[in-house]
Amino acid sequence: MPATRYVFPFEEGDANDKQLLGGKGAGLASMTQMGLPVPPGFTVTTEACRQYYAAGQRFPEGLLTEVHTAMKQLEAKTGKRFGSSEDPLFVSVRSGAALSMPGMMDTILNLGMNDDVVEAFARAVDNPRFAYDAYRRLIQGFGEIAMGAEEKRFARILETAKETQGAKYDHELSIDSLAAVCAAYKKVIADDMGVVFPQDPMKQLEMAIEAVFGSWMGRRAVDYRREFKITPEMANGTAVNVQTMVFGNMGNDCATGVAFTRDPGTGENVLYGEYLTNAQGEDVVAGIRTPKPIAELQNEMPENWDDLQKVRHTLEERYHEVQDFEFTIERRKFYMLQTRNGKMNAAAFVRTSREMAEEGLLSREEALLRISPAHLEQLLHRRIDPSVDAEPIASGLPASPGAASGSVVFEADDAEARGRTGESVILVRVETKPEDIHGFFQAKGILTSRGGKTSHAAVVARGMGKPCVVGAEDILIDDREKVALIKGERVREGDVLTIDGGTGAVYVGEIQTVDPEFGPEMKTLLDWADTARRLGIRANADTPEDAAKAREMGAEGIGLCRTERMFNAADRLPIVRDMILARSEDERRQAIEKLRPMQKADFKGIFKAMEGLPVTIRLLDPPLHEFLPSIESLLLQLGSLKRVRDHIAAGETSPESIAPLVDPALRESLPPLDRLGREVPGAKGKLVIDELIEQAEAILQKVRDITEVNPMLGHRGVRLGITVPELYSMQIGAILEAVAELTREQVNAVCEIMVPQVTEPQELARVNELVKDVRTSVESEYGVQLDFKFGTMIEAVRACIRARPIAEITEFFSFGTNDLTQATFSFSREDAEQKFLPAYVEMGVLPENPFESLDIHGVGRLMKLAVESGRAVKPDLKVGICGEHGGHPRSIEFCHTLGLDYVSCSAFRVPIARLAAAQAKLREERRSREQREHPDYPFNVM
Ligand code: PEP
Ligand code: MG
């Protein structure tokens with residue numbers, strides 16, 4: 001067997017193999033092979049990194065020999081020599097895993113310099129300032145990254161040098177100052193790390209490669225992978241790219257920049273980016289000097305502007321994606337340093353998808369598949385309410401859209417600590433660094449006073465879809481004192497700020513925000529999605545307003561209308577309580593009848609809002625005690641009444657003396673306080689307060705009577721409907737009367753009645769009898785023929801098992817996967833999410849929270865059983881899902897493959913569901929095409 005090859009020059013690597021070469025390495029190989037001007041170099045593979053760890057953090061055999069050979073080839077290609085004083089070769093060392101992880105890994109520049117080389121180089125380029133600056137950067141980068149020296153120590157030396165010399169910017173430092181800085185840096189390494197900075201360039205290179213491998217398991221990288229659920233299948237180890245240095249900081253005919261082939265903020269088809277003349281790449285990304293907009297390059301270096309335009313088109317034609325690339329101009333010669341798919345916000349993704357499809361760069365199918373539902377979610381971000389007349393106190397560059405308010409914190413650690421407690425925080429910093437990543441995860445927004453739209457803060461926030469404003473230069477931040485000075489106003493830690501990442505505005509205090517809207521691009525793409533998908537999309541909505549919103553978002557019906565939400569309305573709750581606490585059948589019937597017209601009005605409103613589209617109304621589901629006060633609060637009230645009685649018995653009857661004894665929650669329901677001590681008319685010796693105590697005790701007793709040990713598994717849903725048939729009869733009556741009245745009004749109400757918590761066909765058969773009775777009486781009363789469907793929730797395990805006989809009685813199934821997940825795992829949702837699920841997911845016991853992402857292997861199998869059994873007796877049985885999973889993209893894909901008819905989710909997730917359903921269908925088509933084209937694929941052989 002030939003030995004594994006670990007090193008590939010850019011000319012030779014397989015540009016499609018990101019797993020082996022990493023994204024950056026594959027990009028460099030591809031650009032080199034396309035003929036773009038890439039400085040020569042080579043990639044050490046991710047396999048080498050894996051072997052390094054497998055061998056207990058040692059280089060695999062043969063790796064160093066390959067590296068040495070590759071360096072010799074590099075010398076031959078460039079005509080320069082590594083470590084030589086004459087025409088020396090310098091290289092950069094960068095990490096690059098299969099997936100881009102912005103700022104996650106470390107880069108070291110200018111390798112190959114040492115005390116001798118720097119002097120010779122200074123003479124050769126006739127620019128000692130530049131040479132020493134390059135050496136300074138090498139020692140610093142190398143010291144921090146490869147040797148673990150403290151960054152602050154270097155920064156302090158540089159600041160002191162600038163102060164001593166009276167310089168504002170790094171590039172104003174004199175040669176002597178820079179040489180002194182280099183010496184001081186080397187001393188830091190020797191003092192802190194107890195090792196001297198290696199003068200042997202090959203040693204530098206080996207240590208740098210090892211440092212990149214080491215950074216794969218560094219805290220930042222591990223945190224990032226955990227947060228974004230990057231599994232070893234997606235990226236396993238980092239590659240290392242060793243590339244000839246080109247210098248953008250040799251003089252004013254040099255520049256370096258970062259650009260996107262299209263505007264990543266808006267998606268507009270224009271070159272977008274920033275550059276700095278006489279600077280090195282890291283200066284742009286780190287945001288240390290504020291860069292110039294790319295358009296200025298057209299005047300400053302016109303011939304290189306043409307290079308950029310050419311590159312832009314070549315890249316898009318090759319990748320069919322917007323590219324984010326780095327370039328350097330060394331003495332007017334243009335070089336490409338790297339390219340990767342551009343991270344864009346949702347608006348830009350949507351716009352470029354549509355436009356690239358219309359330009360013929362993508363097919364519609366590709367355009368739809370390229371938008372991730374998570375990106376679409378960004379479009380659901382809020383923005384500042386335009387009707388609010390708020391004056392921003394400062395403004396910066398709009399780096400990632402969305403508005404966010406929160407308490408100011410100045411350190412990533414504080415953002416993490418306070419954010420984890422549920423507090424909304426805004427991370428405010430001069431600039432951010434990769435080690436701040438944990439603060440990003442918990443912050444609601446990020447605000448920096450320095451840096452451009454490609455600074456670390458901007459790129460990371462955009463990737464996460466978090467609101468971000470950068471380069472707000474009016475904000476002076478003192479992070480040691482934890483205070484910011486904004487136009488004379490002091491903002492301390494804990495004060496509230498609002499930022500708008502769409503406009504760059506910063507406000508003091510919390511400013512009202514509004515819901516997002518969809519633009520025309522989004523509408524077009526979702527129209528394409530609607531044509532592509534098979535699954536229907538409905539929404540869960542309980543009010544006419546929610547229904548209207550759902551329709552606006554593209555819902556094709558209501559998949560779940562929960563009637564208990566209506567029972568909780570302020571004007572209903574007292575009647576619902578009367579119904580529950582009724583002492584006789586008659587009292588109960590009276591209360592139920594009072595609810596009928598209210599329910600009918602609710603249903604009419606929803607049917608009207610959804611005219612022509614199906615509305616599934618679920619009969620009452622929760623246990624009744626949910627509508628009653630808790631035993632604790634009743635006991636408190638009773639205690640308060642008893643204190644009032646003792647007070648009155650002691651002869652104190654003035655309202656002023658009674659008032660402080662009354663529980664505030666009781667106050668509104670009591671008669672005037674001066675009456676409490678009076679006798680009840682016709683009841684000799686009994687005072688009003690005595691009667692109130694009697695009533696409270698009766699309520700307490702009733703609540704105790706209906707209290708269950710395990711109410712969620714108790715007297716609820718269809719079980720309540722069967723034992724208190726008046727309740728379901730009233731609801732069915734209100735629904736069918738609403739339909740009958742609308743039919744007369746010529747409104748097309750498409751009605752579906754759904755029964756919750758069913759476990760046994762007999763239950764449904766009985767409710768169906770009620771439905772038939774009510775139907776007969778409503779039809780004769782209104783003189784109309786009613787048309788509606790009768791169906792059931794499938795949310796109990798037994799319902800899945802008994803799906804066959806259940807299907808015989810019903811016309812549709814709707815999976816209640818919230819309850820079905822609880823029941824399948826025997827986990828209580830509330831307790832699980834509070835207590836152990838996060839730990840389970842973190843420890844990898846479960847891959848994901850099954851209440852968010854459908855558990856395909858458990859719950860999914862039960863669903864499959866139910867669908868197959870149900871359709872075995874009723875092939876046209878309509879099946880949907882209305883649990884939370886109906887809005888979760890991967891769960892939607894599963895529902896698609898299971899052959900469901902529709903998914904139902906909250907109105908705001910409807911667009912995501914439309915896209916996810918289309919993607920499910922397109923991926924299915926793609927798979928079957930591949931299987932047709934490659935019938936011998938091993939995965940076809942079972
Ligand atoms: C379900 O159980 O999935 C469901 C939709 O019902 P609820 O969330 O109201 O229990
Ligand atoms: Mg349920």
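The values are calculated or read from the model by the stated rules, or taken from the named source; none is laboratory data. Please read all numbers here as calculations on a predicted model, not as lab measurements. Please note: Cβ atoms are built from the backbone with ideal geometry, for glycine as well, and neighbour counts cover all protein chains shown.
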Residue count, the stretch 35-47 (criterion: farther than 11 Å from Phe10 by Cβ and of a type in the set (A, V, I, L, M)): 1
Lone unmet requirement of (1) without any contact (Cβ under 8 Å) to a residue 40 or more places away in the chain; (2) under 18 Å from Gln323 (Cα atoms) for Glu416: (2)
Entirely in the stretch 515-598, the helices (runs of 4 or more DSSP H) that have 1 or more residues that are under 21 Å from Gly886 (Cα atoms): 520-532, 544-552, 564-567
In the stretch 807-820, the residues that are assigned to a helix (DSSP H, G or I) and within 16 Å of ligand 2 (Cβ to nearest atom): Thr817, Asn818, Asp819, Leu820
Qualifying residue in the stretch 123-136 (condition: touching a Leu at 6+ places or on another chain (Cβ under 6 Å), within 30 Å of Ala3 (Cβ to Cβ) and at pLDDT 90 or above): no
Which numbered condition Pro847 fails, given (1) part of a helix (DSSP H, G or I); (2) away from ligand 1 (no atom under 16 Å from the Cβ): (1)
Given (1) in contact with a Gly (Cβ under 8 Å, 6 or more places away or on another chain); (2) modelled with pLDDT of 95 or more; (3) within 29 Å of Ala823 (Cα to Cα), index of the condition Glu708 fails: (2)
Output for the stretch 360-406, where each listed residue is part of a loop (DSSP other than H, G, I, E, B) and polar (S, T, N, Q): Ser363, Ser372, Ser387
Criterion: among the acidic types (Asp, Glu), closer than 26 Å to Phe567 by Cα and in a helix (DSSP H, G or I) - qualifying residue of Glu632, Glu708: Glu632
Selection within the stretch 770-826 - closer than 19 Å to Gly559 by Cβ and among the β-branched types (Val, Ile, Thr): Thr792, Ile794, Ile806, Thr810, Thr817, Thr821
Top-ranked residue of the stretch 615-638 - restricted to ones that are of a type in the set (A, V, I, L, M) and within 16 Å of ligand 1 (Cβ to nearest atom), ranked as farthest from Met712 (Cα to Cα): Val615
Test: residue in the stretch 128-142 that is in contact with a strand residue (DSSP E or B) (Cβ under 8 Å, 6 or more places away or on another chain) and hydroxyl-bearing (Ser, Thr, Tyr): yes
Residues of the stretch 756-773 satisfying the condition of being of a type in the set (Lys, Arg) and out of contact with any Gly (no Cβ under 9 Å at 6 or more places or on another chain): Lys772
The stretch 420-463: number of residues that are surrounded by fewer than 24 Cβ atoms within 10 Å (Cβ to Cβ) and without any contact (Cβ under 8 Å) to a residue 24 or more places away in the chain: 5
Selection count, the stretch 816-839, where residues are acidic (Asp, Glu), surrounded by 14 or more Cβ atoms within 10 Å (Cβ to Cβ) and either away from ligand 1 (no atom under 16 Å from the Cβ) or within 24 Å of the chain's Cα centre (by Cα) (or both): 1
Subset of the stretch 585-622 [over 13 Å from Met566 (Cα atoms) and small (Gly, Ala, Ser)]: Ala591, Ala609, Gly612
Filtered residues of the stretch 309-329 (kept if charged (D, E, K, R), touching a Ser or Thr at 6+ places or on another chain (Cβ under 9 Å) and farther than 18 Å from Ala461 by Cα): Arg312, Glu316, Arg318, Glu321, Glu326
Test: residue in the stretch 564-587 that is buried (at least 18 other Cβ atoms within 10 Å of the Cβ), within 16 Å of ligand 1 (Cβ to nearest atom) and over 31 Å from the mean Cα position of the chain (by Cα): yes
Subset of the stretch 354-370 (residues that are under 18 Å from Ala920 (Cα atoms) and surrounded by 21 or more Cβ atoms within 10 Å (Cβ to Cβ)): Ala367, Leu368
From the options Arg798, Arg802, residue that is within 16 Å of ligand 1 (Cβ to nearest atom) and out of contact with any strand residue (DSSP E or B) (no Cβ under 9 Å at 6 or more places or on another chain): Arg798
Helices (runs of 4 or more DSSP H) (entirely within the stretch 21-132) containing at least 1 residues that are over 22 Å from Met250 (Cα atoms): 46-54, 63-78
Residues of the stretch 682-700 satisfying the condition of being over 25 Å from Pro574 (Cα atoms) and either acidic (Asp, Glu) or modelled with pLDDT under 90 (or both): Gly682, Ala683, Lys684, Gly685
Only one of Ala54, Ala120 that is out of contact with any strand residue (DSSP E or B) (no Cβ under 9 Å at 6 or more places or on another chain) and free of Cβ contacts under 8 Å to residues at least 60 places away in the same chain: Ala54
Failed criterion for Gly783 (all others in (1) among the small types (Gly, Ala, Ser); (2) surrounded by fewer than 21 Cβ atoms within 10 Å (Cβ to Cβ); (3) in contact (Cβ under 8 Å) with a residue 40 or more places away in the chain hold): (3)
Pairs with Cβ under 8 Å, 6+ apart, first in the stretch 710-732 and more than 14 Å from ligand 1 (Cβ to nearest atom), second of a type in the set (Ser, Thr, Tyr) and in a loop (DSSP other than H, G, I, E, B): Gln731/Thr563
Residue in the stretch 821-831 that is within 16 Å of ligand 2 (Cβ to nearest atom) and more than 25 Å from Asn710 (Cβ to Cβ) present: no
Of residues in the stretch 464-491 being of a type outside the set (A, V, I, L, M) and buried (at least 19 other Cβ atoms within 10 Å of the Cβ), the one nearest to Gln323 (Cα to Cα): Gly465
When residues of the stretch 55-86 are limited to those that are exposed (fewer than 15 other Cβ atoms within 10 Å of the Cβ) and of a type in the set (A, V, I, L, M, F, W, C), the one farthest from Ala120 (Cα to Cα): Ala55
Residue list for the stretch 178-236, filter: among the basic types (Lys, Arg), surrounded by 19 or more Cβ atoms within 10 Å (Cβ to Cβ) and in contact with a helix residue (DSSP H, G or I) (Cβ under 7 Å, 6 or more places away or on another chain): Arg220
Residues of the stretch 145-177 classified as within 44 Å of the chain's Cα centre (by Cα), surrounded by 18 or more Cβ atoms within 10 Å (Cβ to Cβ) and without any contact (Cβ under 8 Å) to a residue 24 or more places away in the chain, total: 2
